[in-house]
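K.L.:
I have a structure here, written as structure tokens, and I will follow up with some questions on it.
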Amino acid sequence: MKQRRLKLLLFYGSLAVLAGLCIALPNADSNGNRDVIMASALLVFAIVNWILETAPIAVTAFAVIAMVPFSGLMTIEETIRSSFGNSIFGFFLGVLLLSYAFRTTNLGKLISRGIFTLFGRKPKAILLGVMIAGALLAMWITEVAAAAIIFPIVLSIWDKTAARSDHGTLGKAMMLGVAWGCAFGGVATPIATGANLVALSYLKTYCGITVSFGQWMLVGVPICVSLILVGWIILKRPLKDHDELDAHSEPIEFGALEKRVAVVFAAAVLLWIFGGQIGLSSHHVAILAALSLFLPGVEIVDWKTAIRNIDWDSIFLISAGVLIGDILFTSGVARQLAQVFFIPGMLHGNLFLRGAYIVLSVSVLKIMFSSNTVSGVVLVPIMISLAAATGLSAWGLVAPCIFSSALSLIVISSSPVNVIPYSSGAFSPKDVARNGILMTLCAAVIIGGWLALFNVH
């Protein structure tokens, strides 16, 4: 009860401070100081309340959107157009509806089961299968949905090892494998995380740079594969292959609904990759794929049930995030934060060292922001401003930033992808931090190396 009162006090106290600034500051000044102060105040209000969870994520997002017109930074029409009116809203809604179809049918489970069958029953091989299954699902249906699908399958495998002496060791490795595999898949495609979508929106809006699905995957997939291999080597060290596991359970039916989802999913993937050649944007494809789930005669999932069960918090977080990014960039706050967080001199010269430096810096900052999407909201406008100030390519600085922001490897609370397997009780925060720090250092080398190899500058 005391904690709840403290959260209420913090939420309403920070809201009162924000409202007070809206009233007290002059409507305009010649130096633009009011815009900088108000943009900074909105950013602090959002980050503090999102990280400390003083209110539901969607409530804080709504509060930000509602307060922007009072700040004088935008009119209400501009505010709505920059948040809910952005095409990213429809894009993410479509992706979440497709993810819901995966969760409510057996298609995701069938894909996971097929991978487990392919890799056999030895502990180390099953761990690799867990990570690959999570990554493959996360590439296309968001990393959180992938974790929600694969977690109960892995949990059922682990439950059958209760009599084994290595039960705890197996659980720790496999559950961390769920978190890491899904997180690594979040790097491979633009739709895997909200932060990826935010980054692409910012690049197009502020830099006129359009990164296609194919261009992203050309770099993202090799990084993802490398992360999986290195992560597997780290997690498999304590495992012994003396005794095989029972990786199978009850049979899963591939029925009419699963076939329909498979057709819609395959069509969406093809159009995401090649749709640009016929004038279809990735946002349009997501909406078309979602529509296909509800068409009369198809009706893969029920509309009312689907709308009630998708993650609206994430949608509102992204909408508010795009709005905050717009404000940070246009007010000049992003440029000032760039000078605080990053050393410009470290960004010139060797592409590998630049990529590794940005990855490590973002990984440290993520501990403070404690959310993939919040990290993207704050850091991507900073990198774009930094690119403008240093004369470097915006994509060259945003790429290592956004690839690393998808990896929440050190703190459990940074991503639901960590929280879902953590609910099994198989690993502790200390386990996450110890393995995550090592994996983060390896990720810096991997991401920096691939970006240098592909000459992303």
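K.L.:
Against the conditions (1) of a type in the set (A, V, I, L, M, F, W, C); (2) farther than 22 Å from CYS224 by Cα; (3) surrounded by fewer than 24 Cβ atoms within 10 Å (Cβ to Cβ), where does VAL445 fall short? Just the number, please.
P.N.:
(2)
K.L.:
Go through ILE358, ILE446, ILE382, ILE420 for me and flag whichever is within 25 Å of ILE149 (Cα to Cα) and touching a helix residue (DSSP H, G or I) at 6+ places or on another chain (Cβ under 6 Å).
P.N.:
Every option except ILE420 fails the conditions.
K.L.:
A further question on this structure: Looking at the range 192-212 only, could you name the residues that are part of a loop (DSSP other than H, G, I, E, B) and farther than 23 Å from LEU229 by Cβ?
P.N.:
Within the range 192-212, GLY208, ILE209, THR210, VAL211, SER212 meet the criteria.
K.L.:
Those residues that are assigned to a helix (DSSP H, G or I), buried (at least 22 other Cβ atoms within 10 Å of the Cβ) and at pLDDT 80 or above, I need them from the range 83-96; list them, please.
P.N.:
Correct list: GLY94 only.
K.L.:
Here's another thing I want to ask about it. Looking at (1) open to solvent by less than 10 Å² (accessible area, probe 1.4 Å); (2) polar (S, T, N, Q); (3) within 19 Å of the chain's Cα centre (by Cα), which one does THR161 not meet, given that it meets all the others?
P.N.:
(3)
K.L.:
I want to confirm something. Restricting to the range 49-75 and keeping residues that are within 21 Å of the chain's Cα centre (by Cα) and aromatic (Phe, Trp, Tyr), which single residue is surrounded by the most Cβ atoms within 10 Å (Cβ to Cβ)?
P.N.:
Step by step, filter the range 49-75, then rank; the result is TRP50.
K.L.:
Can I ask one more? Kindly list the number of the only condition in (1) in contact with an Asp or Glu (Cβ under 6 Å, 6 or more places away or on another chain); (2) crowded, with 24+ Cβ neighbours inside 10 Å; (3) modelled with pLDDT under 85; (4) not aromatic (Phe, Trp, Tyr) that fails for GLY186.
P.N.:
(3)
Residue-wise test of (1) more than 25 Å from THR210 (Cα to Cα); (2) part of a helix (DSSP H, G or I); (3) touching a Pro at 6+ places or on another chain (Cβ under 7 Å).
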| position | (1), (2), (3) |
| --- | --- |
| LEU295 | yes, no, no |
| SER314 | no, yes, no |
| ALA320 | no, yes, no |
| ILE324 | no, yes, no |
| VAL359 | no, yes, yes |
| VAL362 | no, yes, no |
| SER375 | no, yes, no |
| SER385 | no, yes, no |
| VAL398 | no, yes, no |
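K.L.:
Could you look through the range 257-274, keep only residues that are aromatic (Phe, Trp, Tyr) and over 21 Å from ASN86 (Cβ atoms), and pick out the one that is surrounded by the fewest Cβ atoms within 10 Å (Cβ to Cβ)?
P.N.:
Among them, the one singled out is PHE274.
K.L.:
For the list (1) open to solvent by 10 Å² or more (accessible area, probe 1.4 Å); (2) modelled with pLDDT of 85 or more, I need the number of the one condition that ILE410 fails.
P.N.:
Of (1) open to solvent by 10 Å² or more (accessible area, probe 1.4 Å); (2) modelled with pLDDT of 85 or more, only one is false for ILE410: (2).
K.L.:
For residues in the range 275-331 being under 30 Å from GLU77 (Cβ atoms) and aromatic (Phe, Trp, Tyr), which is most open to solvent (accessible area, probe 1.4 Å)?
P.N.:
It comes out as TRP303.
K.L.:
Wholly within the range 213-292, which helices (runs of 4 or more DSSP H) include no fewer than the required count, namely at least 2 residues that are farther than 25 Å from LEU438 by Cα and of a type in the set (Phe, Trp, Tyr)?
P.N.:
Qualifying helices (runs of 4 or more DSSP H): 213-235, 256-274.
The values are calculated or read from the model by the stated rules, or taken from the named source; none is laboratory data. All values reported here derive from a predicted model rather than from experimental measurement. A quick note on method: Cβ atoms are made from the backbone with ideal geometry, for glycine too, and the neighbour counts reach across all protein chains shown. To get the accessible areas, we keep the full protein, side chains included, count just its heavy atoms, and leave off ligands, DNA and RNA. Shrake-Rupley method; radii C 1.70, N 1.55, O 1.52, S 1.80 Å.
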